[in-house]
Structure formats: C-alpha cells, structure tokens
Amino acid sequence: MAGHAGAWRIRPILAVLAVLVVVAGLAGCTGGGDRHRVEASISVSPPAALVDAPVAVTMQGLPAGARTTLTATAGDSDGVTWSATAQFEATSAGTVSLDQPSLGGSYTGVNPLGLFTLMAPPPGSAPDWFNFPEAGFDVTLRASVGGRAAATASVRRQVPSAVGVAEKQLRPAKGGIYGNLYLPTRTGARRPAVLVFGGSGGGLTSSLAAALLAAHGYPSLALAYFKVPGLPQGLHDIPLEYFTSALEVLRAQPGVDPDHVLVAGESRGGEAALLLGASFPELVNGVIAGVPSSVVNPAPGPYASRPAWTLRGRPLPAVSPSDFGQPNPPGEARAVIPVERIRGPILVACGEQDLVWPSCGYVDAITARLRAHRFAHPVTALRYRDAGHVVGGLAAWYGGMTEDALASFGGTVAGTQAAQDDAHAKLLALLASP
C-alpha cells in the first residue's frame, strides 16, 4: 500500500484530572420556545492522552433532553483546520458523554473516538490526510444548545515522543538496514517486539505504527526495504535476508524478549511478513499481516518480469501476471505461501471493499490452509465490511482522512477508521497475551 501523504510530524497515566470550562450563554431548550441561561461545563479526563487513546468527555449542566451539538476542531501540520460534529440528547440529569450514541453529525451511534478520527478539512481544501504536528496537537471541543455556545474545553492529543518513546535512526551505513528504532524509555520486564514495514509504496512509511507500539511498551523497528537511499528503488529482487538482519538488530535491543519478536506488514508488506514467518520460523515468533496475499506475487509495475523476493540468492516462485488476484491459482502451487510453517500466532485482516486486490479472498485462503494443516497456534482473522485496502491494525489515522484519500483503496472513511481502530486494539491484545 502506498504511504500516507505527509509524515507524522507527521502515558505516563496522569492522575485523574478533569478540565472544567464553563461558558454561560443563552441557549434554546427542547420542548418549547423559551430561552434561559445555560451554565454547562465539559470535563475531560485525562486532559492529555496518546492519539490512539479515548478520553472521557462529559458535559454537565444541560437542560434535560436538550439536543446538544459537540464540535471538535484541530489544526494539522499544514495549518489546515479539521473538524467533526456529533449531536446528542441530554439525559434527564442534564448530562452528555461520548459513550452515548450520536444522533447525527459526522457519525451516528456510539464511537468514543469518532470526534477525533472522523474530522474533515473544509470543503475544497487540498489535504486528504490529517498530517500530525511533530509535537502533538490540541483538539478544541465546543458544546452548543439551540445554536448558542454552552461550554468549551481542550484535549491534548500526544504523539509517541511525548509519552516516553525514544527514536534512533538506522541507515545502511549502520548495520546495512534503513529504518527507525523506537524504544520505550521506561523499561522493566522484557516485552515482545515488532518489526514493522509497509507495502508497494516503498520508503519509510511505518514510523507512526512502530512508534505507537513503542508507546504501548513494545520495542519496534520501522523498516524501509526499497525506495530510500542505498536500497533498490523498486520492489524487486528484495532478499528476505535483509529483513532477518533487521530482526537481529531489534532482538538485541534492551527490553526485548528475544523469544517474542514478531513481524508486521500491510499489503505487499503483509505478503512479506507471511513469507518471513514461513521461511524463518526460528527467528519470527508471530505474524501480523494486513490486507495480505496468500501467494507470492511478481514485482509490480515496470519490474513485472522480475521477482519481488529472493531467498538465499534465488527468486521465490511467483504467480504469473495473468493469475494476479487469484488466491488459489491453478498450477501455481509453488507460489502459495506455506503459512503452516509459521511458529507463532497469526493476525490477518482484510476489507471487503478492497480495490487493490481481493484481500478477503486471500485471507480466506490463508485461514483455510491453516485449518487443513491443523495449525497449532492462535489465529485471528478480521474481516471488515465497509473497509478497503487501508486496514491492518498497525495504526489508524487518528486525525482524519477524506473519501478522496480512499478513492483508489476502497471503503468509507467511517468504515475504515472503525476497522483500523478495532484491528489496532486486537493487535495490542495479541501482544499482551502470554
């Protein structure tokens, strides 16, 4: 999958603290045309949290049953202001929280992160993705009743560096790999670690995903394997041994449990992750593959006559271009990835609206093969109806995206963000499991 536009320049748990901001104003009430002064407040706890963490937002002092609109706004690194709205009905006690179902606006139903992940830029503006400011960003919350302001508050959304994640850049001159290493600065017991890489877009596109995992306590290495200085400029003839060199670097880091080092990739990176687990089961202790392929594909685009991957200096057998998109192409058994050789848990995810390739067909083929071989390790297969090719659990785009951003990938913004959030939570649960 191509990298998202822009860099992500884009806990310690704070004591329970509520930020209370009261704005008195005239607001219309439901149930009649009377007007009276509403002295409401918004409490936010904690007032600062990692971008993938929900916060408890509660409004108090509202008229019972009042239709209340909550608007969230934030500025991205390009100076564009993004916003989202949700409408709620105040309880009989005059309260509203993000745990209640939204009745309209940017989303409907219950979605505690909806105001943060479903923000959109002004109509006609250029950005398709919310580009994270390097130091994090503030989200301003404004509550209104009957079109009049009732209360305001602010929430700080933190990037991993703000919660104790150290970054170390690795370049080909230093060990032969190109990537960014992310380590929690607070180390205790040894933790699982994850090698994270992207897909056919190339470059170093997995930094936010790796840094977020480190923010949750899991040392991670974001790896580029082509289209960066010192490495091939196309996805062709990539030695799988290049990834094992990165695994060795990650395994040697302080705080890493050497018996729990996993690989994670999406799209062509998901294909690579499965290949690594199957080819080096002694080095890879688990696989996360978002929108992967069940077969080895040739190099894309102008390199289609060449292999994408090599092992011990030899090209890996791949399906012919005419069989692209077939999970079980006839006569191509050698190109099917032997996923049953993986020695550890597997998490795969797909979107039914995928416009790049049939990721759900591939996931079905992967899980069927694992069942046929009576695979002994846990398997988590996630299938999302309204998502496309931008799903895999590595990192939701926790600021916002537009429908135009998904035009070539498939899926809706709401479906993609919900799928990413769910898959990301499932991934963290897998890492936390014994």
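Out of everything in region 149-184 that is over 30 Å from ALA86 (Cα atoms) and touching a Gly at 6+ places or on another chain (Cβ under 6 Å), what residue ends up being surrounded by the fewest Cβ atoms within 10 Å (Cβ to Cβ)? So the residue we want is PRO172. When ALA222, ALA193, ALA214, ALA150 are screened for being among the aliphatic types (A, V, I, L, M), under 30 Å from VAL44 (Cα atoms) and touching a helix residue (DSSP H, G or I) at 6+ places or on another chain (Cβ under 9 Å), only ALA214 passes. Look at region 84-109: where a residue is on the phi < 0 side of the Ramachandran plot and a partner is among the charged types (D, E, K, R), sitting 6+ places away or on another chain with Cβ atoms under 7 Å, you get GLN87/ARG67; GLU89/ARG67; LEU103/GLU89.
Whenever a residue of region 226-250 is open to solvent by 10 Å² or more (accessible area, probe 1.4 Å), its partners that are among the β-branched types (Val, Ile, Thr), lying with C-beta atoms within less than 6 angstrom and at least six residues away or across chains, give the pairs ASP237/THR310; PRO239/THR310; SER245/ILE177. Checked against (1) open to solvent by 10 Å² or more (accessible area, probe 1.4 Å); (2) closer than 30 Å to ASN297 by Cα; (3) in contact with an Asp or Glu (Cβ under 9 Å, 6 or more places away or on another chain), ARG191 passes all but condition (2). Residue pairs whose Cβ atoms lie under 8 Å apart, separated by 6 or more positions or on different chains, with the first residue in region 357-376 and at negative phi and the second assigned to a helix (DSSP H, G or I) and open to solvent by less than 40 Å² (accessible area, probe 1.4 Å), are ILE366/LEU274; ILE366/VAL339; ARG369/VAL339; LEU370/VAL339; PHE375/VAL339.
Does SER279 satisfy the criteria of being open to solvent by less than 70 Å² (accessible area, probe 1.4 Å) and either closer than 18 Å to GLY410 by Cβ or out of contact with any Asp or Glu (no Cβ under 6 Å at 6 or more places or on another chain) (or both)? Quick ask: steps written out before the conclusion?
Working: open to solvent by less than 70 Å² (accessible area, probe 1.4 Å): yes; either closer than 18 Å to GLY410 by Cβ or out of contact with any Asp or Glu (no Cβ under 6 Å at 6 or more places or on another chain) (or both): yes.
So SER279 passes the test.
Per the conditions (1) in contact with a strand residue (DSSP E or B) (Cβ under 6 Å, 6 or more places away or on another chain); (2) part of a loop (DSSP other than H, G, I, E, B), the sole criterion not satisfied by PRO127 is (1).
Scanning region 96-148 for residues that are surrounded by 18 or more Cβ atoms within 10 Å (Cβ to Cβ), farther than 27 Å from SER408 by Cβ and of a type in the set (Ser, Thr, Tyr) yields SER102, SER144.
Apart from one condition, THR244 fits all of (1) modelled with pLDDT under 95; (2) over 17 Å from LEU394 (Cβ atoms); (3) not in a loop (DSSP other than H, G, I, E, B); (4) not basic (Lys, Arg); the exception is (1). The set of residues in region 196-238 that are over 26 Å from ALA162 (Cβ atoms) and in contact with a strand residue (DSSP E or B) (Cβ under 8 Å, 6 or more places away or on another chain) comprises GLY199, GLY202, TYR225, PHE226, VAL228, PRO229, GLY230, LEU231, PRO232, HIS236, ASP237, ILE238. Comparison of VAL139, VAL155 shows that the only residue that is among the β-branched types (Val, Ile, Thr) and either assigned to a loop (DSSP other than H, G, I, E, B) or within 20 Å of the chain's Cα centre (by Cα) (or both) is VAL139.
Checking each residue in region 65-83 for being assigned to a strand (DSSP E or B) and open to solvent by less than 10 Å² (accessible area, probe 1.4 Å) picks out THR68, LEU70, ALA72, ALA74, TRP82.
What residue, of GLY286, GLY388, GLY325, is modelled with pLDDT under 95, open to solvent by less than 40 Å² (accessible area, probe 1.4 Å) and among the small types (Gly, Ala, Ser)? Show your work before the answer.
Numbers: GLY286 fails: modelled with pLDDT under 95; GLY388 fails: modelled with pLDDT under 95.
Within the list GLY286, GLY388, GLY325, the selection yields GLY325.
Among the residues of region 144-200, those identified as closer than 30 Å to ALA66 by Cα and of a type in the set (S, T, N, Q) are SER144, THR152, SER154.
Give region 251-282 a look and list any residue that's out of contact with any Gly (no Cβ under 9 Å at 6 or more places or on another chain) and not in a strand (DSSP E or B), or say none.
Correct list: ARG251, ALA252, GLN253, PRO254, LEU275, ALA278, SER279, PHE280, GLU282.
Consider region 341-369 and keep the residues that are open to solvent by 40 Å² or more (accessible area, probe 1.4 Å) and in a helix (DSSP H, G or I). The one that is nearest to GLU282 (Cα to Cα) is ARG341.
Looking at ALA418, is it open to solvent by 10 Å² or more (accessible area, probe 1.4 Å), out of contact with any helix residue (DSSP H, G or I) (no Cβ under 9 Å at 6 or more places or on another chain) and in a helix (DSSP H, G or I)?
Numbers: open to solvent by 10 Å² or more (accessible area, probe 1.4 Å): yes; out of contact with any helix residue (DSSP H, G or I) (no Cβ under 9 Å at 6 or more places or on another chain): no; in a helix (DSSP H, G or I): yes.
The answer is no for ALA418.
Quick one: in region 310-322, of everything that is part of a loop (DSSP other than H, G, I, E, B) and in contact with a helix residue (DSSP H, G or I) (Cβ under 6 Å, 6 or more places away or on another chain), which residue is least open to solvent (accessible area, probe 1.4 Å)?
From region 310-322, those part of a loop (DSSP other than H, G, I, E, B) are 312-313, 316-320; that's our starting set.
Those still in the list that are in contact with a helix residue (DSSP H, G or I) (Cβ under 6 Å, 6 or more places away or on another chain) too: 317-319.
Details: PRO317: 44, ALA318: 37, VAL319: 6 Å².
The selected residue is VAL319.
Which of the residues spanning region 187-216 are under 24 Å from PRO133 (Cβ atoms) and either more than 15 Å from the chain's Cα centre (by Cα) or not in a helix (DSSP H, G or I) (or both)? Correct list: VAL196, GLY198, GLY201, GLY203, LEU204, THR205, SER206, HIS216.
Does PRO307 qualify as being open to solvent by 40 Å² or more (accessible area, probe 1.4 Å) and not acidic (Asp, Glu)? Before the answer, list the steps.
Working: open to solvent by 40 Å² or more (accessible area, probe 1.4 Å): no; not acidic (Asp, Glu): yes.
Taking the combined requirement at face value, the residue does not satisfy it.
The values are calculated or read from the model by the stated rules, or taken from the named source; none is laboratory data. No experiment lies behind these values; they were computed from the predicted model shown. Here the Cβ is made from the backbone with ideal geometry for all residues, glycine too, and neighbour counts use every protein chain on show. The area values use the complete protein model at the heavy-atom level, side chains included, leaving out ligands, DNA and RNA. Shrake-Rupley method; radii C 1.70, N 1.55, O 1.52, S 1.80 Å.
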